[in-house]
Amino acid sequence: MTAICAGVLALQGSVEPHLRALSRAGVDPIELRRPDQLDQITHLVLPGGESTTLHHLLELHSLSSEIPQRVEAGDLALLGTCAGAILMGRECQESPPRWNLIDVEFQRNGYGRQVHSFIEPIEWIAGPGPGASEGIFIRAPRIGQLSPPVEVIATLGTEAVAVRQERCVACTFHPELTEDDRLHRWFLSL
Amino acid sequence: MNDQFSTPMRGIGSTDEFRTKVGLAEMLRGGVIMDVTTAEQARIAQQAGAVAVMALERVPSDIRRDGGVARMSPVDKVREIQQTVDIPVMAKARIGHFIEGEILQALEVDFIDESEVLTPADHAHHIEKNRFKVPFVCGATNLGEALRRIGEGAAMLRTKGEAGTGDVTEAVRHLRLIRGQIRSLTQADPEEWMSIAKELAAPYHLVCQVAKEGRLPVPNFAAGGIATPADAALMMRLGAEAIFVGSGIFKAEDPLLTAKAIVHATSHFDDALQLAEASSGLGAAMAGIDATKLPEDERLQVRGW
């Protein structure tokens, strides 16, 4: 088995909180800005930020094609939070373009604007679970219709808020803004 | 564990509401927030990769040129901009004008900038921002001013710089001063913290927090006079966590190209080859004014108390 090397996409967004979480989880993550750095890593985190900005910056250096290619080839595991999750979803009417890595539609700002951002406990039903964590939802996307092979790993009430398909994990809230790193630890085990 | 991560996550220990406010500021890091006066400009900003737009009545260089009272953006314009883009929409309110704040909150803007660029409504007091659900950003020229604004509830700070000049020098001065003051505070004995709080006219508990953590409790962005990709990268290298560009985009010869280039440079601020690439083929930047030669009554940065 190859050694685990993790990176955080460091083009825009909450990069530092993810670096902290990965570092607490026992790895020494790199900040990824260029395609050639993809050779160094086995696990990549796509942070929260603005999905249209991330898309624009990913396009500049062909990362928007390189990353999905490596995931499809089985060389890279992906964890996306919030804006990062949106990029991994199923192609839909909304911008920005999606990568079709997880067969789910993410609706941007699904709970409304910033005044509707909130913190509520979420329940891990698979993945790093069982158990509850603090869910910080900031202008969060909402997960649409689900079907296999997508597995729900966390819920808020009856609603899915984190999903997994193979080695791709997408989460609509922000575990990196808490000191609870069980999602990151579990992700590194994929 | 890496030493740089030894301080706690920002927001931990605060109320849930404050944490979601600081959380949005965290999401904007490494990005560019662009001043816009119309829905069409907002569309261009989003297309260029802005992380947010800032709605205002007139860009700072026009306020400077035309004078008169500069107020909150007209409500219809704010609504139009909100309907045009999906990225966060911020808007400016006058210093101390809590009614403009309440109106902008009712419109559900994502962030309010209580800004010295507009004509102050109150020459002694700022808005009490803790009672608002919507987060606020405020300008600061030094550590005392920064901590007073956080004490009032600001969830993000920015340098004031000297808006509308296209001259980055005042933003550089403010950022260096705040960083220097934080550094010297971390060297002080705990017995000195109260005297420092008195000297800075800053809340004691925030002085203690900065002394222990060595950084501000909320993200600090750069604003005021940033006009080129190189200016944006300079501010990032000096430790700013994101960039506000006011007149620099829509007063440039080619706003879309300039906006894209500043987004590129802010993301790759540490890579000179990328900065050279971002800076090529742009056309003329906005015309500038030497900010150090402005008469005292034309300096916007002195507004704020």
Return the average number of partner chain Cβ atoms within 10 angstrom of each residue Cβ along peptide A:172-182. 2
Taking B:L257, A:L76, A:L183 and counting other C-beta atoms within 10 Å, the order from fewest to most: B:L257, A:L76, A:L183
Tally Lys and Arg at +1 and Asp and Glu at -1 over the other residues with C-beta under 13 Å from the C-beta of B:T84: what net charge comes out? -1
Between the alpha carbon centres of segment A:1-27 and segment B:48-92 the gap in Å comes to 36
Using the Cα centre as the reference, give the magnitude of the dipole from point charges on the C-beta atoms of the protein assembly as shown (Lys, Arg: +1; Asp, Glu: -1; all else neutral), rounded to the nearest 20 debye. 440
Give me D for the protein assembly as shown in µm² s⁻¹, whole number, from Stokes-Einstein with Rh from the Kirkwood sum over alpha-carbon pairs, 37 °C and 0.692 mPa s. 144
Fewest-first ordering of B:E57, B:E192 by Cβ atoms within 10 Å yields B:E192, B:E57
With the contact rule set at Cα under 8 Å and sequence spacing of 6 or more, what percent relative contact order holds for segment A:6-187? 20
How do B:R43, A:R33, B:R10 rank when sorted from fewest to most other Cβ atoms within 10 Å of their own Cβ? B:R43, A:R33, B:R10
Within a Gaussian network of chain B (alpha carbon springs, distance under 10 Å), most fluctuating of B:A70, B:A201, B:A265: B:A201
Could you point to the residue in A:H61, A:Q114, A:Q40 farthest towards the positive end of segment A:6-187's charge dipole, with +1 and -1 charges on the Cβ of Lys/Arg and Asp/Glu respectively? A:Q114
Assigning unit charges at the beta carbon (Lys, Arg +1; Asp, Glu -1) and nothing else, what dipole magnitude in debye, to the nearest 20, does segment B:15-94 show about its Cα centre? 240
Using +1 at the Cβ of each Lys and Arg and -1 at the Cβ of each Asp and Glu in chain B, identify which of B:Q47, B:L185, B:L300 lies farthest towards the dipole's positive end. B:L185
Most fluctuating residue given options B:A106, B:A163, B:A42, as computed from a GNM of chain B linking Cα atoms under 10 Å: B:A106
Local electrostatic count at A:S95 - Lys and Arg +1, Asp and Glu -1, tallied over other residues with Cβ under 15 Å: -2
At a threshold of 8 angstrom on Cα-Cα distance, excluding pairs fewer than six apart, so keeping six or more, what relative contact order does chain B reach in percent? 19
For chain B, set up a Gaussian network in which alpha carbons nearer than 10 Å are linked by springs, and say which option among B:G164, B:G13, B:G49 fluctuates the most. B:G13
Can you give the helix-only mean residue ellipticity at 222 nm for chain A, where every DSSP H stretch with n ≥ 4 adds -39500 (n - 2.57) and the sum goes over all residues, rounded to the nearest 500 deg cm²/dmol? -6500 deg cm²/dmol
Which links in B:K21/B:K260; B:K92/B:K129; B:K21/B:K198 stretch past 18 Å when you go from one Cα to the other? B:K21/B:K260; B:K21/B:K198
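In a shell of Cβ-Cβ distance under 15 Å around A:C5, excluding A:C5 itself, what net charge do Lys and Arg (+1) and Asp and Glu (-1) give?
Value of the local net charge: -3.
Read the figures in this text as sums done on the coordinates, not as results from a lab. Just so it is clear, the structure is predicted and the values come from calculations on it, not from any experiment. Cβ atoms come from the backbone with ideal geometry, glycine included; neighbour counts cover every protein chain shown.
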